[in-house]
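Only one structure is covered here, and it is reproduced in the block below.
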Amino acid sequence: MKSLVKALPEPGIWLEDRPVPAIGAEDVLVRVRKTGICGTDVHIYKWDDWASRTIPVPMIVGHEYAGEIAELGASVRGLAVGQRVSGEGHVVGGGSRAARGGKYHLDPDTKGIGVNLPGAFAEYVRVPAFNIVPLPDSVDDEIGAILDPLGNAVHTALSFDIAGEDVLITGAGPIGIMAAAVARHVGARHVVITDTNPARLDLAGRVADVTPVNVATTELRDAMARLKMREGFDVGLEMSGAPAALEQMIDHMVMGGRIALLGIPSRAFPFDLGKVVFRMITLKGIYGREMFETWHKMLAMLESGLDVRKVITDRLPAADYARAFEQAASGRGGKIVLDWT
Ligand code: NAD
Ligand code: ZN
């Protein structure tokens with residue numbers, strides 16, 4: 001089968017012919033139709049420090065996918081060949097206290113499809129049946145292929161009660177933009193999204209009813225004044241990983257504000273914890289999606305009118321992977337979807 005492989009420990013990615021994976025009794029073989037390119041895939045493509053520490057080579061990459069079930073393991077019940085599916089890319093160990101208590105997303109023994117297990121940028125991917133999420137008819141394959149990052153957005157945006165609250169999102173990447181759409185969908189009052197990249201802020205304005213603020217050229221306080229906001233934001237969703245964005249967020253929260261952190265800083269940075277203490281701010285880290293509560297809520301919201309389709313800005317055949325990865329690495333567009341059919 002055609003597969004995008006991290007074949008060598010150096011920048012790049014290679015289209016290679018690989019055997020179709022053999023599945024175990026509790027696995028499902030998915031015939032992949034569409035895949036999304038994630039920031040993680042770009043790190044692997046560029047072969048940065050994180051990637052070279054984390055990815056065993058060779059490795060088929062990719063973890064954002066939708067497709068149909070091609071084969072079921074002998075013990076799998078409740079799924080059918082031909083069924084349209086996506087799936088959770090975090091494969092849990094299951095032996096930890098958290099997993100045995102049903103908090104699968106807190107399992108420390110988690111492995112990642114396309115990170116340390118063979119990935120989905122291929123004609124077929126092996127997935128544990130436990131991880132499979134059937135797709136409703138109203139969720140087509142390209143939306144199915146971006147449920148993993150939409151799930152990051154949903155998990156973060158729903159970490160705190162945001163109905164009727166003023167929400168600040170720092171970072172208008174695909175996930176920040178989708179979080180803005182979710183915040184609007186569940187009834188936040190003002191949703192302000194910041195970035196320093198005008199193209200990303202334009203895209204945010206096209207995807208969701210939000211107030212984009214370019215913090216390279218505009219004071220956030222001025223944007224707040226225009227919205228007649230007096231005190232600060234009630235909830236913050238940090239989606240850039242930029243130290244300056246977190247600092248700015250903390251400075252613009254109400255006393256007792258709540259912040260969910262999804263963005264991953266590229267390195268450790270100094271940070272004024274005193275502001276968090278004296279202003280009684282809650283910080284909560286977010287990793288992945290809750291299994292499977294986030295998936296349930298995400299699909300329910302898509303079925304009740306949440307629309308994130310415009311965040312997909314590029315659709316390319318898998319054979320055009322080189323162009324797709326160049327575009328993804330440029331940070332210009334939104335989500336890029338590859339077609340494997
Ligand atoms: P992205 O890199 O496409 O977007 C980040 C955006 O932040 C960019 O548009 C960038 O211009 C902007 N930015 C940079 N400095 C800023 C500043 N000072 N203020 C405001 N914005 C600024 O990333 P993405 O794919 O949308 O993902 C968002 C973040 O979430 C990334 O850090 C990613 O690594 C992380 N992530 C975390 C998880 C998790 O499970 N915790 C999962 C997926 C992604
Ligand atoms: Zn991803």
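Which fully enclosed helices (runs of 4 or more DSSP H) of the range 102-214 have 2 or more residues being within 11 Å of ligand 1 (Cβ to nearest atom) and more than 24 Å from residue 24 (Cβ to Cβ)?
The helices (runs of 4 or more DSSP H) meeting that bar are 147-157, 174-185, 198-207.
Taking into account only those residues within the range 110-154 that are touching a helix residue (DSSP H, G or I) at 6+ places or on another chain (Cβ under 6 Å) and closer than 11 Å to residue 66 by Cα, which is nearest to ligand 2 (Cβ to nearest atom)?
So, considering only residues that are touching a helix residue (DSSP H, G or I) at 6+ places or on another chain (Cβ under 6 Å) and closer than 11 Å to residue 66 by Cα, the one nearest to ligand 2 (Cβ to nearest atom) is 133.
Would you say residue 316 is without any contact (Cβ under 8 Å) to a residue 24 or more places away in the chain, under 14 Å from residue 36 (Cα atoms) and surrounded by 14 or more Cβ atoms within 10 Å (Cβ to Cβ)?
yes
If residue 169 passes every condition in (1) touching a Leu at 6+ places or on another chain (Cβ under 7 Å); (2) surrounded by fewer than 24 Cβ atoms within 10 Å (Cβ to Cβ) but one, which one does it miss?
In the conditions (1) touching a Leu at 6+ places or on another chain (Cβ under 7 Å); (2) surrounded by fewer than 24 Cβ atoms within 10 Å (Cβ to Cβ), residue 169 misses (2) alone.
Hey, any hits in the range 215-224 for a residue that's over 18 Å from residue 189 (Cβ atoms), within 16 Å of ligand 2 (Cβ to nearest atom) and not β-branched (Val, Ile, Thr)?
There is no residue in the range 215-224 that is over 18 Å from residue 189 (Cβ atoms), within 16 Å of ligand 2 (Cβ to nearest atom) and not β-branched (Val, Ile, Thr).
Which residues, counting only those in the range 57-97, are part of a loop (DSSP other than H, G, I, E, B) and of a type in the set (A, V, I, L, M)?
57, 61, 74, 76, 79, 80, 81, 92
Looking for something at pLDDT 95 or above and within 16 Å of ligand 2 (Cβ to nearest atom) - is there at least one such residue anywhere in the range 178-198?
Yes.
Would you mind listing the strands (runs of 3 or more DSSP E) fully within the range 1-51 where at least 3 residues are within 16 Å of ligand 1 (Cβ to nearest atom), farther than 25 Å from residue 152 by Cα and of a type in the set (Val, Ile, Thr)?
Ranges flagged: none.
Output yes when any residue across the range 25-41 is away from ligand 2 (no atom under 16 Å from the Cβ), within 28 Å of residue 285 (Cα to Cα) and of a type in the set (Val, Ile, Thr), and no when none is.
no
Please specify each residue of the range 72-97 satisfying the condition of being crowded, with 16+ Cβ neighbours inside 10 Å and of a type in the set (A, V, I, L, M).
Passing the criteria: 72, 76, 85, 91, 92.
Step by step: first the residues of the range 319-337, then only those that are farther than 30 Å from residue 186 by Cα and not charged (D, E, K, R), then the one that is surrounded by the fewest Cβ atoms within 10 Å (Cβ to Cβ). Which residue is that?
330
If a residue must be assigned to a helix (DSSP H, G or I) and of a type in the set (A, V, I, L, M), how many such residues does the range 238-265 contain?
Qualifying residue count, the range 238-265: 5.
If you check residue 268 against the conditions, is it part of a helix (DSSP H, G or I) and either among the hydrophobic types (A, V, I, L, M, F, W, C) or farther than 25 Å from residue 199 by Cα (or both)?
no
Among the residues of the range 284-299, is there at least one that is exposed (fewer than 14 other Cβ atoms within 10 Å of the Cβ) and of a type in the set (A, V, I, L, M)?
Checked the range 284-299: no residue is exposed (fewer than 14 other Cβ atoms within 10 Å of the Cβ) and of a type in the set (A, V, I, L, M).
The values are calculated or read from the model by the stated rules, or taken from the named source; none is laboratory data. All values derive from a computational prediction rather than experimental measurement. Positions of Cβ are backbone-derived with ideal geometry, glycine not excepted, and every protein chain shown enters the neighbour counts.
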